[in-house]
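Below is one structure, written out as structure tokens; the observations come after it.
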């Protein structure tokens, strides 16, 4: 996999603006760090302003170009306004990384439909709404662009008990990727996904803090969880010109779990 590096490297994103949802923690924060190190002006988006400010402050203290917008993207109803705010802040938007996520663990027979909706809305409905808003901006600006959705191995082949809403939402992202890639190719807007395996984040804490963690990592050929930075490097590759002929595709970053 191509590695992100200093400006001018293979995954150089100098002059590009990346809007990153879920930027206050986890994969969103990891992606923001790598994108900014690769030269992008990153605009973090999330519900918790204090988290966003912390991430932005840490990165700007290193001389990186990072701003943030506190917004509850929830159902995606305010996507157009959010993208307009990002454009007003940074001048334009070239890259969307939809990393925001939530999880409700429950047996399918017991899952409340309101919880199902909340998970699907954030991952899938908001993901589409934001991609649509960024796509409209890019078509209007005649700038090439890249949309990267953070998927999961449940998008592809893994069936995990008690995650039916999450699995449905993440599987839906692959449909978005394929359709947007075909429709938006004439505008030089690429759409791809990163399918993530076991990564240490807040969403996995309930597994990490139990003996189940050993069982999980024993199923991964590399023998460990991935890091948010490793996912960020894959995202930076897909966002950059190094992946200029990659669209409608997914990159599996799971330590080999899916083929074991």
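Observations
- Any chance residue 45 is modelled with pLDDT of 95 or more and over 15 Å from the mean Cα position of the chain (by Cα): no
- Count of region 88-108 residues which are assigned to a strand (DSSP E or B) and more than 17 Å from residue 23 (Cα to Cα): 1
- Applying the criterion of being part of a loop (DSSP other than H, G, I, E, B) and modelled with pLDDT of 95 or more to the residues of region 228-258, the residue that is surrounded by the most Cβ atoms within 10 Å (Cβ to Cβ) is 240.
- Residues in region 141-172 that are surrounded by fewer than 23 Cβ atoms within 10 Å (Cβ to Cβ), within 16 Å of residue 250 (Cα to Cα) and in contact (Cβ under 8 Å) with a residue 60 or more places away in the chain: 153, 156, 157, 158.
- Here residue 127 meets the list (1) in contact with a helix residue (DSSP H, G or I) (Cβ under 9 Å, 6 or more places away or on another chain); (2) at pLDDT below 95 almost entirely, failing just condition (2).
- Filter result for residue 98 (modelled with pLDDT of 95 or more, surrounded by fewer than 19 Cβ atoms within 10 Å (Cβ to Cβ) and within 24 Å of residue 43 (Cα to Cα)): no
- Looking only at region 135-164, and only at residues there that are in a strand (DSSP E or B) and more than 16 Å from residue 16 (Cα to Cα), the one that is modelled with the lowest pLDDT: 163
- Close pairs (7 angstrom Cβ cut-off, 6 or more residues apart or separate chains): farther than 16 Å from residue 135 by Cα in region 73-93, part of a loop (DSSP other than H, G, I, E, B) anywhere: 73/100
- The set of residues in region 17-32 that are outside any strand (DSSP E or B) and buried (at least 24 other Cβ atoms within 10 Å of the Cβ) comprises 22, 23, 24, 27, 28, 29, 30, 31, 32.
- Tallying residues that are touching a strand residue (DSSP E or B) at 6+ places or on another chain (Cβ under 6 Å), assigned to a helix (DSSP H, G or I) and buried (at least 23 other Cβ atoms within 10 Å of the Cβ) within region 34-54 yields 3.
The values are calculated or read from the model by the stated rules, or taken from the named source; none is laboratory data. None of these values were measured; they are calculated from a predicted model. A quick note on method: Cβ atoms are made from the backbone with ideal geometry, for glycine too, and the neighbour counts reach across all protein chains shown.
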